[in-house]
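Heads up, the thing below is written out as C-alpha cells.
The values are calculated or read from the model by the stated rules, or taken from the named source; none is laboratory data. Please read all numbers here as calculations on a predicted model, not as lab measurements. Because the Cβ atoms are built from the backbone with ideal geometry, glycine has one as well, and the counts that use them run over all protein chains shown. Heavy atoms of the whole protein, side chains included, go into the accessibility calculation; ligands, DNA and RNA do not. Shrake-Rupley method; radii C 1.70, N 1.55, O 1.52, S 1.80 Å.
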Amino acid sequence: MKLDATDLRYITSDEFRVLTAVEMGSKNHEVVPTVLIVQISGLRNGGVNKIMGSLAKRNLVAKVQNSKYDGYRLTYGGYDYLAMRALSKRDSMYSVGNQIGVGKESDIYIVADAEGNEMVLKLHRLGRISFRAIKEKRDYLGKRKSASWMYMSRLAAQKEWAFMKVLHEHGFPVPRPIDQARHCILMGFQDAYPLRQISEVPSPGKLYSELMDLIVRFAHAGLIHGDFNEFNILINRVTGDPVVIDFPQMVSTSHENAEWYFNRDVECIRTFFRRRFRYESQLYPRFKSTLSEGAEKDQGDGFRLDVVVSASGFGRKEARILEEVSVDRFYHFRHSKTFLSSTWKLSKMIRRKRVTTVKRRRRKRKRTWERMKTKLSSMKSCQSNSSKETAKANQLRTQ
Ligand SMILES: Nc1ncnc2c1ncn2[C@@H]1O[C@H](COP(=O)(O)OP(=O)(O)OP(=O)(O)O)[C@@H](O)[C@H]1O
C-alpha cells in the first residue's frame, strides 16, 4: 500500500477529531456506527457526515454497509496517518520519501526530520499474509478482524521497539531507535546491503566468526534472535560490519524451545556461508556450553536482557498474544495437533487415491492389451483368409 504523506499537512482539526473518533470506536466495533462517531467526536451530525465522506475519498476510512447498521472502518491508510501525525507532532519526522523495502509483514520508507536527516520508518502490517485457519480460532480476534490486525501490528511494533532500545543501549549492532507510535517504528538509516544481496566478501571467515560471536553475545545476555539469517543481517557499505534488524521472534534463553531456536540460528548462518561463499567451519557454538560459559561470565550480577525487556513495558501478556499470531505461528501451526492430524488424514487420502489410481491404471492397461490381442488375432485370421483367397485365384489363373 502506498504511503501518502500529503494529508499530514492538509487535514483540518475537525477531520483529525473524527478520524480519532473512528479509531476509538474501533476498539469495540468492527464497523463503527456513524452515531457513535458523532457522539465521540462531539461534532454536529451533518458536519460529521460530510467529513466522513471526504476521509473515505482519501482512503483513510472505508464505508461499510452492515446488515444491522451502516458505519465506517479505519483503514491502514487512516492508521498510518494517525501514527505519522503523532510522530510529526513530536518533531520526530517531517517528510516521507521513497519506499526502500517491503517485508513479509511490513513496509519500509525513507523519511526525514526538519533538518533533512534521513531515517527509516517501518510500518508493521500484520495480517497481510493472514493465516485464516489460525485467525478464525482466536477468541480475541472474533469477528473484528481488521481492527484486531491493527492491534497486532501495534504489538509487533512495541515488541520490536522494546528489543531495539535495550539492544542498542547495551551496544549490540542494531539500528538506532528514534521513536515509536502505534504500528510504526522510526529508526536510524543504515547505509548497508542485506547479506542476501552480497556475492563476495573480502574474508568470509572473519564475517562468519563475527556473526557466530553475535549469536553467542545474544545468548550470554539471555536472548536468541530466532530469525538470524541473510535477510535480517545488513552489511555496512563502508566498514563491512554486520547490523542486525528485525526481531519478530526474539526469545529468551529460558524459553521451552530455546535450544531449537539457537540451533536454527547457527544452522542458518552455516548453510548460507556454505552455499554462498563455499565456506565451512567446524567451529560453531553449541547451546549448552554457550549458556554455561555465559553463566560463568555473569558471576551472579544478573545481566539478562530478556528480563530487562519484559520490564520495559512489553509485558508477558502482550508477548503471548503476539506469539500466538506472530511469524512463528507458521512453526507452531505446522506442529499443532490440528495440522498434524489433518496432514495425516490428507496423506492417508493421497495414499488411498494413489493405490486406487494404480489399480485402475493396471485394469485399464489389461483391458487395452486384451483388446489389442483380439484385434491382432482378427487381423491375422483376415490375413490368412486373404492369402488363401489369392492362392486360390492364382491357381484358377494358371488353369
Ligand atoms: N534501518 C534500516 N536501514 C536501512 N534499510 C533497512 C532498515 N531497516 C530495514 N531496512 C530494509 O528493509 C528491508 C525489510 O526490513 P525488515 O526485515 O525489518 O522487514 P520485515 O517485514 O520484518 O521483513 P521479513 O520479515 O520479510 O524479513 C530490509 O531487508 C532492508 O533492506
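Quick rundown of the values:
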item: Exposure rank, largest accessible area first [CYS382, CYS184, CYS268; 1.4 Å]; result: CYS382, CYS268, CYS184
item: Pairs beyond 21 Å (Cα-Cα), from LYS27/LYS57; LYS57/LYS122; LYS27/LYS63; LYS104/LYS165; LYS27/LYS68; LYS27/LYS104; result: LYS27/LYS57; LYS57/LYS122; LYS104/LYS165; LYS27/LYS104
item: Sparsely packed trypsin sites (Lys or Arg not before Pro) within region 15-54, loop by DSSP, other Cβ within 10 Å at most 16; result: LYS27, ARG44
item: Label-point separation in nm, LYS104 to GLU30, each point 7 Å along Cα→Cβ; result: 2.6
item: Calculated FRET efficiency for the pair ARG90/LYS68, C-beta based, R₀ 35 Å, to 0.05; result: 0.35
item: Gained length - ARG274 relative to ARG196, 0.36 nm times residue gap less alpha-carbon distance; result: 26.8 nm
item: Dipole-positive endmost among SER88, ILE100, ALA112 within region 68-120 (Cβ charges, Cα centre); result: SER88
item: Nearest-0.05 FRET efficiency for GLU169 and ARG17, computed from C-beta distance (R0 41 Å); result: 0.65
item: Karplus 3J(HN,Hα) series, Hz, for region 206-219 with 6.51 cos²θ - 1.76 cosθ + 1.60 (x for Gly, Pro); result: 5, 5, 4, 6, 5, 6, 5, 4, 5, 4, 5, 4, 4, 5
item: Residues MET372 and LYS392, FRET efficiency given R0 of 25 Å [Cβ-Cβ distance, rounded to 0.05]; result: 0.25
item: Phi-based couplings in Hz for region 155-169 (Karplus 6.51, -1.76, 1.60; Gly and Pro marked x); result: 4, 4, 5, 5, 5, 4, 4, 4, 5, 4, 5, 5, 5, 5, 4
item: Of THR390, VAL358, THR368, farthest towards positive along the dipole that unit charges on Lys, Arg, Asp, Glu beta carbons give region 355-399; result: VAL358
item: Accessible surface, per residue, of region 1-89 when the full set of protein chains is kept, probe 1.4 Å, Å²; result: 53
item: For region 71-85, 3J(HN,Hα) per residue [Karplus equation, 6.51 cos²θ - 1.76 cosθ + 1.60, θ = phi - 60°, Hz, x = Gly/Pro]; result: x, 10, 10, 6, 9, 4, x, x, 5, 4, 4, 4, 5, 5, 5
item: Long-range amide H partners of ILE178 with built H, under 5 Å; result: LEU186, MET187, GLY188
